[in-house]
Amino acid sequence: MELIRLRGIPAAPGIASGEAFVSARPAFSSRRETIPARRVKAEQARLARAIKLTRRQLALLRSKIRKEVGEEHAVIFDAHLLILGDRSLLASLDKIIVAERVRSEWALTQVNANYRRLFESLKDEYFRQRHLDISDVLSRIYKNLGRKRERRDASKRPKILVAHDLLPSEAAGLLGRGKTMGVALDMGGATSHTAILARSLSIPAVVGLHDITGKVKNGDQMIVDGTEGEIIINPPPAILKEYESKKVRYDGYQRELRSTARLSSQTLDGFRFRPMANIELPEEVSQALSLGAEGIGLFRSEFLYLRSASLPDEEEHYQIYSQLARAAYPAPVSIRTIDVGGEKALPKLHVEQEPNPALGLRAIRLSLKNPDVFRTQLRAILRASALGNVNLLIPMITEVEEVGEVKAMIEEVKGDLRSRRVKFDDKIPLGVMIEVPAAAAIADLLVKEVDFISIGTNDLIQYYLAVDRSNEFVAHLYKPLHPSVLRLLKFIIDKADGAGCRVAVCGEMAAEPLSGLVLLGLGLREFSMNPIFIPRIKKVLRSVERRFVQRIIGQALGLRTAQDVEEFVIEKILARHPRAFLLSGGE
Ligand code: PEP
Ligand code: MG
């Protein structure tokens, strides 16, 4: 067996070594892969083969369903076969491959998006829904482009998951159940949801490998080095041994992190800070607590909406929230209501394609526009609050009126639960995320309306600086230590403190040693982050006096640039605590 080494993007640290499971699930592509002109004909032939296979599968399915379930259920496949026979649809696929010189995956993705736009503009709900049939057919063709036929892995043994790309919904399903020990993807970046999820679940992952699905077969032995971003297929014994010992070293490092996690969360001068966790699945709670989280500062409920074909019903919500609250009890959990829309599209809610999604109908705006969907989620969260440790958190608030609308809906749902004698926590704390600069500027008013606020610095900074940080052309301007950001954060934290309102930061900024110190100096107590970063932050904050850091940051607020702030703070901290940024006795 041939030894193959591949380099990709390290997405979740750690080493996994085991058997490959190649997932052939359909997932539309998120990247445009071009091909040389000489490969266009072969690409067209590849697509034609996938279409032929799709036709055979559909015909087979139709007769199987007709026999086993009945004619009325088989007609759907007639419709799918008709779609597959649509000349204009097939011609548009070919046209994209030839004109843009791209792989079939991208052509299918484009055609799917075009049809979605077309159907979404239709007034009639029934016809709008028909897009799902086209999408189903296109994704079946997509799946058939892969070399492997779909095969579900029946064995219990954890495997290394190899896939072209994973939708957030698929990632949640595949990674959350203890069946996956490592991940290797053709596509993706380090900040994709799959990467975040893999990190949270401590599953080593390498993404951006281009064509690993073409190089690995089910059952191949492979190593995933998520720290270095390397994949080794069919490793000989010597390499296996080398990686075994690497794994032992990595696990030792992890143990050291965990021992830091058990130390108390206080600065040298006795200030108690609170490390909290940002998570997306209830399964992450135990790991978060073992890494030192004192609660769940942000539960991103989006996964519930993204992982199934239909909108989750109240019971599905309730199962997840009560599982979450029980797992964390007595530590508090802040459940954030749905934060999709914009670029995190949710076809189930028929959000229009928007010209400027980042400024569009997302998060709480989407919830208030779909009151039934929102009520379902609120009812489930309130029911789970009967356990006693649940907080309700609302994303992307822009104005006081929205808080009023949310409160009115909460009251309405509470009234309904009361009349049905369903238990809930009548005093469930209500919090809002400060992510829009306008909300930051009225922090003094918002803190009077709610029990706590959580500053989402990821969004707040990108809106405040007008910098999309995933846009490589402007990413260099994304600066959490920009003096304007520090002033804004100081304003928010001071206003919250003045009103006796709890305030947390739940953006990436809370997880970085330097910006974590800056936040401490600005008066922050609650730091919510991806749990794997908690030991690191604890170590840093435990090595300094809060009063000293507050003095330094007071001076830093008068500096001119982000770089000046960075250099000044590092110099001052190191002059007094040379080991503040070191994790252990070494490095
Ligand atoms: C944020 O914007 O900082 C935040 C925590 O929310 P999300 O990353 O889920 O948008
Ligand atoms: Mg946000």
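The values are calculated or read from the model by the stated rules, or taken from the named source; none is laboratory data. Being a predicted model, the structure only gives us computed values, none of them experimental. Backbone-built Cβ (ideal geometry, glycine too); neighbour counts: all protein chains shown. Accessible surface is based on the protein model in full, side chains and every heavy atom, while ligands, DNA and RNA are left aside. Shrake-Rupley method; radii C 1.70, N 1.55, O 1.52, S 1.80 Å.
In the chain, if the dipole is taken from +1 on Lys/Arg beta carbons and -1 on Asp/Glu beta carbons about the Cα centre, which of 135, 389, 267 is farthest to the positive end?
135
Determine, for each peptide in 283-291, 35-43, 228-236, the mean count of other beta carbons within 10 angstrom over its residues, then list the peptides with the highest first.
Sorting 283-291, 35-43, 228-236 by mean packing, highest first, produces 283-291, 228-236, 35-43.
At a threshold of 8 angstrom on Cα-Cα distance, excluding pairs fewer than six apart, so keeping six or more, what relative contact order does region 178-282 reach in percent?
The normalised contact order for region 178-282 reaches 19 percent.
Taking 0.36 nm per residue of separation and subtracting the Cα-Cα distance, what length does fully extending residue 35 through residue 574 add?
Additional length available on full extension: 188.9 nm.
Which percent of the accessible area of region 387-506 is formed by carbon and sulfur heavy atoms (probe 1.4 angstrom)?
53 percent
Taking the solvent-accessible surface of protein heavy atoms with a 1.4 Å probe, what is the per residue accessible area of the chain in Å²?
Roughly 45 Å² per residue, with all protein chains present.
Identify all lysines with a Cα-Cα distance to residue 143 below 18 Å; exclude those on the same chain that are fewer than 8 residues away in sequence.
Partners found: 52, 215, 217.
Can you compute the charge dipole magnitude of the chain about its Cα centre, using +1 on each Lys and Arg Cβ and -1 on each Asp and Glu Cβ, nothing else charged? Give it in debye, rounded to the nearest 20.
1660 debye
Just to be sure I understand: of the beta bridges DSSP finds with both ends in region 295-428, what percent are antiparallel, rounded to 5?
Percent antiparallel among DSSP bridges in region 295-428 is about 20.
Taking R0 as 30 Å, what FRET efficiency do you get between residue 60 and residue 94 from their Cβ-Cβ distance, rounded to the nearest 0.05?
That gives a FRET efficiency of 0.75.
If you count the DSSP beta bridges with both ends in the chain, what percent of them are antiparallel, to the nearest 5?
Counting DSSP beta bridges with both partners in the chain, the antiparallel share is about 35 percent.
Rounded to the nearest 10 degrees, what's the angle between the helix 314-328 long axis and the longest principal axis of the chain, both from Cα atoms, 0 to 90?
Helix 314-328 sits roughly 40 degrees off the main axis of the chain.
Count the lysine pairs in region 295-428 that are 8 or more places apart or on different chains: how many have C-alpha atoms under 25 angstrom apart?
Going through region 295-428 pair by pair, I get 8.
Please give every one of the lysines within straight-line cross-link reach of residue 538, meaning a C-alpha to C-alpha distance under 20 Å, and leave out same-chain neighbours fewer than 8 residues apart.
By straight Cα distance, residue 538 reaches 572.
Which FRET efficiency, nearest 0.05, do residue 266 and residue 87 yield, Cβ-Cβ r, R0 51 Å?
0.10
Let me check against my output: what whole-number percent is the relative contact order of region 441-587, with C-alpha pairs under 8 Å and at least 6 apart?
24 percent
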